[in-house]
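Quick note: the coordinates plus some simple rules give every number you see, no bench work behind them. Remember, predicted model here, so these are calculated numbers, not experimental data. Neighbour counts run over all protein chains shown; Cβ positions are idealised from the backbone, glycine included.
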Amino acid sequence: MADEADVLRILPGRLAGAVAAPPSKSIAHRALLCAWLAGDPACVRGVGPGTSNDIDATLGCLATLGAVRPGPLGERRAPPEIPKPVLLDCGESGTTLRLLVPIVAALGRAATFEGRGRLPQRPIGEYLAMLNGRGVLLSPPPAGSLPLGLRGRLLPGDFTVPGGVSSQYVSGMLLALPLLPEDSTLRVAGRLESAPYVDLTIAVQKAFGVSVERIPASGPVFRIPGGQSYRPVSYGVEGDWSNAAFWLVASFLGSKLRVEGLDEASAQGDRAVRAILARFAAAGASDGPIVVDAAQIPDLVPALAVAAVGCTRDVRFVNAGRLRLKESDRLASTADALHRIGAEAEASEDALLVRGRGAGADDGRPLFAGGEADAWNDHRIAMALAVAGLRSRDGVAIRGWRAVEKSYPSFFDEFRRLGGEVHGIDVR
């Protein structure tokens, strides 16, 4: 049972006003890593300590690793003797872990990666298959993935990464391979899920002076020239469509919000939220559900599931099996959260069906009965429950609301500033 201080009650109501989208967490991770490799972490504007727990994890790891030595690649490598490993605490950030492992390997640093929450159980095995025997030895514990030891120095060559588990493996290798002295090739086996995140990685690398070439082939193949150097540039991080989605869903359900700082032409895949909400709004009566393919937009599912309850038709999210590998099992946790506040949702192996209530933004009736639900230590479930509380009959109590600190620490401050009634404790 959660402590009372970890429970917030959201009362029914509407939000109104302007809200600035927080900086994109996905872009910030990548930009900070590129800037660090360029020797000037401070050249990234708009993010820093306190931006979110995940960004703090990346900043902490970079501070532990210390400055990248200036000069040619060979001089930036670790000395030939076996160095003492550094301990890199990734917190609960899967992005920090998966992007840093190949970078640390390419620099020849010895390290032990550790983490908390569900991170030690989240997949890392793909790196074992890719990197072990390629100049690197990765040593995970007998069960789970962390703590993970890393020794050696990555050698250039041809690498194959599965595309169906996490695009972060692809992004991590793309960030690391330009550091090697010779060219490398990276092949993606099978369908590349969350492909827009790979596009983000390549775009950030380009901004820092590093190029990656796509090779026309039957599947995604990348040629990465070796011997490249990241160059410092003044880099501003754009607004985050993934976290802005919760404000956009609140607007869809009747709040009068203006979300600022979003790039409508962004490479972020989650900008699809606007088009999906437009589909929901335009849907008429029909026997069949609206089908949303979640393969490229898994982080949008908790927010869109709340919006789906306001649809005139049911909504089925498909190709969503990877949601089971997030901060929570998001298929189970989203369905559970909706059930506990009076909505109908059913999770299957790789899909989520949400029953529409036939009332949208212009209908004053509650969509949710209300009640108490657990955020499952998942920031996106906590924010989804808060938005649902606005269209509830009795309000929604959220256990574990502090999970928002992982990506959006000021979410409930903004929620209250925009007119939301938040009861239980002083948020700040």
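Tabulated values for the structure
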{"quantity": "For segment 25-236: relative contact order, % (alpha-carbon pairs under 8 angstrom, 6 or more apart)", "calculated": "21 percent"}
{"quantity": "Sorted by Cβ density within 10 Å, fewest first, the residues F317, F412", "calculated": "F412, F317"}
{"quantity": "Length-normalised contact order of segment 231-304 in % [C-alpha pairs under 8 Å, at least 6 apart]", "calculated": "36 percent"}
{"quantity": "Three-way shape label, segment 170-233, alpha-carbon gyration tensor, a/c 1.5", "calculated": "oblate"}
{"quantity": "Label-point separation, A143 to R14 (7 Å along Cα→Cβ), nm", "calculated": "5.3 nm"}
{"quantity": "DSSP-defined beta bridges in segment 25-236 - what % are antiparallel, rounded to 5", "calculated": "50 percent"}
{"quantity": "Over 21 Å (Cα to Cα) - which of K256/K406; K25/K206; K206/K406 fall in this group", "calculated": "K256/K406; K206/K406"}
{"quantity": "Considering only the chain, percent of DSSP beta bridges that pair antiparallel, nearest 5", "calculated": "50 percent"}
{"quantity": "Computed helical MRE - 222 nm, the chain, DSSP H runs ≥ 4 contributing -39500 (n - 2.57), nearest 500", "calculated": "-9500 deg cm²/dmol"}
{"quantity": "Net charge over other residues, Cβ less than 10 angstrom from the Cβ of V292 (K, R count +1; D, E count -1)", "calculated": "+1"}
{"quantity": "Cβ-based net charge around S184, under 9 Å, with every Lys or Arg adding one and every Asp or Glu removing one", "calculated": "-2"}
{"quantity": "Modelled FRET efficiency - R0 41 Å, V221 with A281, Cβ distances, 0.05 increments", "calculated": "0.55"}
{"quantity": "Residue order, fewest to most beta carbons within 10 Å, for T95, T112", "calculated": "T112, T95"}
{"quantity": "Whole-number percent relative contact order across segment 164-236, with pairs defined as alpha carbons under 8 Å at least 6 apart", "calculated": "40 percent"}
{"quantity": "Local electrostatic count at P123 - Lys and Arg +1, Asp and Glu -1, tallied over other residues with Cβ under 13 Å", "calculated": "+4"}
{"quantity": "Sorted by Cβ neighbour density within 10 Å, fewest at the top, the residues I398, I55, I290", "calculated": "I290, I55, I398"}
